[in-house]
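Reviewing the structure listed below.
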Amino acid sequence: MAEAEDRKELEARLKRWESTTLKEALAANPERREEFVTTSSRPVKRLYTPLDLEGKGYADRLGHPGEFPFTRGIHPTMYRGRLWTMRMFAGYGSAEDTNKRFKYLIAHGETGLSTAFDMPTLYGYDTDDPEAKGEFGTCGVAVSSLEDMQVLFDGIDVSKVSTSMTINGPASVLWAMYLAMAEAKGVRWSSLRGTIQNDILKEYQAQKEWIFPPEPSMRLVVDTFEFGSKRVPQWNTISISGYHIREAGATAAQELAFTLANGMEYVRWGIDRGLRVDEFAPRLSFFFNVHNDFFEEIAKFRAARRIWAREMRDTFGARDPRSWLLRTHAQTAGVSLTAQQPEMNIVRTTIQALAAVLGGTQSLHTNSYDEAYQVPHEKAVRIALRTQQIIAHESGAANTVDPMGGSYFLEALTDELEEEAYRYFDRIQEFGGIIPAIRKGFFQQEIANSAYRYQKEIEDRERTIVGVNDFVVDEQPEVEPLRVQEASFRAQLERLKRIRRERDSKRHARALDRLRKACEGDENTMPFLVDAVKAQATLGEICDVMREVFGVWEEPLLY
Amino acid sequence: MPKKIRVLIAKPGLDGHDRGAKVVARALRDAGMEVIYTGLRQSPEDIVEAAIQEDVDAVGLSCLSGAHMTLFPEVVRLLKKRKAADIVVAGGGIIPEDDIPKLRKAGIQAVFGPGTPLADIVRFFRTAAKGA
């Protein structure tokens, strides 16, 4: 056969090259290190050739863009048709403060909104809760009530712009507020586009902003799948997120594997509820990190699409091709930002953003250079947004589909990451699935081990971080400060007080009571949540009811 | 055998970012110290109680949510109140430059930002514990 002969010929030539040209070169100039590895400590060979892709057909492994298995992208024309959504994650202080930041970003050309909530909101506490002490608006916006949500989107046409909300434990409550806010503006739910992160599994594994134990939390997630598929059909009811898994220390392969394994767990729970897979799978979306290692990151996105398409079609029996598509948001790696010589973060972010684009992301956030110090100030955010615009309009990367496809190195990396993900799927299976593995601390320990190894590599100077362990300068970094204003805090407390004073207390009590009964039973909680927020129940009050019914999670302690 | 240095690594407030705290805990353990990790969502009261119960030489606080100005000084204040001011307190996290002198003044003996070598942190706790 011609192929086998070609292969033999190639092998022979490679051997010849190794024993002559390469050998002489190495004798004259040894390589810089004995072993080269990626950011995730994956060994990288000197040279990749067609031999690394042997036996792996183009059609099966790659396919054309817009066709199974979508390795080359989910759309036939990718960015030639429509650029990715430039979606900057933003939030600090009060709803008024963040509303201003949203408008600033829209004015500078961002094409989707993304909301960062403060810690109390993420944990389902109101701003005036004792647990919230010192945390108001520091790393996101405080939203305790429907009125806060209305202020947050004041003057923004939510029928046109898509909105992402990074909220997990109390995701369904914040979504209920968003729906009620839209309704009050006269916007039909069926026209709303956006995403709630709503990925509770990775909270237990990595981000650690959980409230309730896994089982009731999963029930709440499936409630949103069911409700969304019927009432808010264009909404992504989950963003299955590797981002935080990676930020917590995971390698690229762990990020890929844990995220997809979580994704499959949500699919199982949806099916167990009695939903048809094609009813809800098209509204599952993803969110990946994009770290420093350019090629490994691109490969990760491509491997993710291929695995997801195969699992959805072959394991879960999805028939609707939209169920096979892994649609994803991406964010540059916050953890890669350095406090030393912070301006260099602009360069890091550029490389990472380019990798996300070459990886075929649908949506992108670029970090600001001052984020090793604080929530970013306006100019830093604008530079980060401009970075995406330069990639989109000046670099040429958006002019053809999957420009890196066919690179021997990239295709080999894609295959390797895929294989490693399947090895992790098997290990998770040995624990009896995702939730038992969480209870035993499997993911948490894997991530902590990787984080420690990475830090040791920096410490031992096996890994160079420019400005941190090499190329160091002694200078005071110049970062324009951004502070949450005391006045915003006081105004927020006042608003909460007024809401509690002025609301119809009977309607409020009744709504919370009905919510409690729904939580205790097995009805879908979403309609009750919408009623409760309309009755001016606050986030904290609603979550208190749920905490009472569901209990709270305590994580296994390890480091 | 000399007594092992005992350190409490604590996560005050609601912040869930535990990568740094865990890496530091492990580095101190590898350097031969006894490390107690509190886990997440500890109030300053919880932390002080644990520090006293565990009879530690030092406490390392980690906060990346921006609530450090409220939470770190509160730990120092409560330690004083409990007559345990000999326990050394250090902190780390996403902390703006301007806040560092204020934290130092409030009794946080060292503030470690992103990129601090683990060796520096180990050295700090070793020296601090000897002084205690």
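The values are calculated or read from the model by the stated rules, or taken from the named source; none is laboratory data. From a predicted model like this one, the values you see are computed outputs, not experimental measurements. For neighbour counting, all protein chains shown are included, and Cβ atoms are generated from backbone atoms with ideal geometry for every residue, glycine included.
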TODO: Could you please let me know if A:Leu410 is under 19 Å from A:Arg302 (Cα atoms) and buried (at least 17 other Cβ atoms within 10 Å of the Cβ)?
DONE: yes
Task: Test for A:Glu486: is it in contact with a Lys or Arg (Cβ under 8 Å, 6 or more places away or on another chain) and under 30 Å from A:Lys133 (Cβ atoms) - done: no
Task: Given (1) surrounded by fewer than 23 Cβ atoms within 10 Å (Cβ to Cβ); (2) at pLDDT 95 or above; (3) of a type outside the set (A, V, I, L, M, F, W, C); (4) part of a loop (DSSP other than H, G, I, E, B), index of the condition A:Tyr79 fails - done: (4)
Task: Output for region A:122-168, where each listed residue is in contact with a Ser or Thr (Cβ under 6 Å, 6 or more places away or on another chain), within 14 Å of A:Thr98 (Cα to Cα) and charged (D, E, K, R) - done: none
Task: Index of the failed condition, A:Asp126 passing every other in (1) part of a loop (DSSP other than H, G, I, E, B); (2) modelled with pLDDT under 95 - done: (2)
TODO: For residues that are acidic (Asp, Glu) and more than 19 Å from A:Val335 (Cα to Cα), scanning just region B:10-37, find the one that is farthest from the chain's Cα centre (by Cα).
DONE: B:Asp30
- [ ] Can you tell me which residue within region A:284-313, out of those that are outside any loop (DSSP other than H, G, I, E, B) and acidic (Asp, Glu), is nearest to A:Asp199 (Cα to Cα)?
- [x] A:Glu311
TODO: May I ask you to verify whether A:Ile383 is away from chain B (no Cβ under 14 Å), part of a helix (DSSP H, G or I) and without any contact (Cβ under 8 Å) to a residue 40 or more places away in the chain?
DONE: yes
Task: Selected residue [in a loop (DSSP other than H, G, I, E, B), of a type outside the set (Phe, Trp, Tyr) and surrounded by fewer than 23 Cβ atoms within 10 Å (Cβ to Cβ)] from A:Thr361, A:Thr338 - done: A:Thr338
Open item on the list: So in region B:24-34, with the set limited to residues that are in contact with a helix residue (DSSP H, G or I) (Cβ under 7 Å, 6 or more places away or on another chain) and more than 8 Å from chain A (Cβ to nearest Cβ), which one is farthest from A:Gln455 (Cα to Cα)?
Closed with: B:Met33
TODO: Kindly indicate the residue of region A:454-493 that is in contact with a strand residue (DSSP E or B) (Cβ under 6 Å, 6 or more places away or on another chain) and crowded, with 16+ Cβ neighbours inside 10 Å and also nearest to the other protein chains (Cβ to nearest Cβ) among those meeting that condition.
DONE: A:Val484
TODO: Please go through region A:545-554 and pick out each residue that is more than 13 Å from chain B (Cβ to nearest Cβ), touching a residue at least 40 places away in the same chain (Cβ under 8 Å) and out of contact with any Asp or Glu (no Cβ under 8 Å at 6 or more places or on another chain).
DONE: A:Met546, A:Arg547, A:Phe550, A:Gly551
Open item on the list: Whether any residue in region A:490-503 is farther than 30 Å from B:Pro117 by Cβ and β-branched (Val, Ile, Thr) is what I want to check.
Closed with: yes
- [ ] Consider A:Thr237 carefully, then state whether it is closer than 19 Å to A:Phe425 by Cβ and away from chain B (no Cβ under 14 Å).
- [x] no
- [ ] Determine, yes or no, whether B:Pro96 is facing another protein chain (nearest Cβ under 8 Å), of a type outside the set (Phe, Trp, Tyr) and surrounded by fewer than 17 Cβ atoms within 10 Å (Cβ to Cβ).
- [x] no
Task: Those helices (runs of 4 or more DSSP H) lying entirely in region A:441-541 with at least 2 residues touching a residue at least 60 places away in the same chain (Cβ under 8 Å) - done: A:442-459, A:486-502, A:526-534
Task: Residue among A:Leu512, A:Leu557, A:Leu496 that alone is within 14 Å of chain B (Cβ to nearest Cβ), under 30 Å from A:Ile200 (Cα atoms) and not acidic (Asp, Glu) - done: A:Leu557
Task: Any chance B:Gly66 is modelled with pLDDT of 95 or more, touching a helix residue (DSSP H, G or I) at 6+ places or on another chain (Cβ under 9 Å) and within 14 Å of chain A (Cβ to nearest Cβ) - done: no
TODO: Just need a number here: residues in region A:83-118 that are in contact with a helix residue (DSSP H, G or I) (Cβ under 8 Å, 6 or more places away or on another chain) and part of a helix (DSSP H, G or I).
DONE: 9
Task: Index of the failed condition, A:Thr121 passing every other in (1) β-branched (Val, Ile, Thr); (2) more than 14 Å from chain B (Cβ to nearest Cβ); (3) in a helix (DSSP H, G or I) - done: (2)
Task: Test for A:Val466: is it closer than 22 Å to A:Ala372 by Cα, modelled with pLDDT of 95 or more and β-branched (Val, Ile, Thr) - done: yes
Task: Set B:Val59, B:Val48: member being more than 30 Å from A:Phe443 (Cβ to Cβ) and buried (at least 18 other Cβ atoms within 10 Å of the Cβ) - done: B:Val48
Task: Residue list for region A:431-441, filter: farther than 23 Å from A:Ala303 by Cα and out of contact with any helix residue (DSSP H, G or I) (no Cβ under 6 Å at 6 or more places or on another chain) - done: A:Gly432, A:Pro436, A:Arg439, A:Lys440, A:Gly441
TODO: Provide a single number: the residues in region B:10-34 that are more than 12 Å from A:Lys208 (Cα to Cα), small (Gly, Ala, Ser) and outside any helix (DSSP H, G or I).
DONE: 4
Task: Where A:Pro233 falls short, out of the listed (1) touching a Ser or Thr at 6+ places or on another chain (Cβ under 7 Å); (2) under 23 Å from A:Phe68 (Cβ atoms); (3) not hydroxyl-bearing (Ser, Thr, Tyr) - done: (2)
- [ ] Could you pull out the residue among A:Ala142, A:Ala206 that is within 14 Å of chain B (Cβ to nearest Cβ) and in contact with a His (Cβ under 9 Å, 6 or more places away or on another chain)?
- [x] A:Ala206
TODO: Counting only residues that are over 24 Å from A:Gly140 (Cα atoms), give me the strands (runs of 3 or more DSSP E) lying completely in region B:49-120 with at least 3 of them.
DONE: B:58-63, B:88-93
Open item on the list: Scan region A:66-87 and tell me whether some residue there is within 30 Å of A:Phe136 (Cβ to Cβ) and of a type in the set (A, V, I, L, M, F, W, C).
Closed with: yes
- [ ] Quickly run through region A:419-453 and pick out the residues that are more than 19 Å from A:Glu311 (Cβ to Cβ), in contact with a Phe, Trp or Tyr (Cβ under 8 Å, 6 or more places away or on another chain) and more than 14 Å from every other protein chain (Cβ to nearest Cβ).
- [x] A:Ile438, A:Lys440, A:Phe442
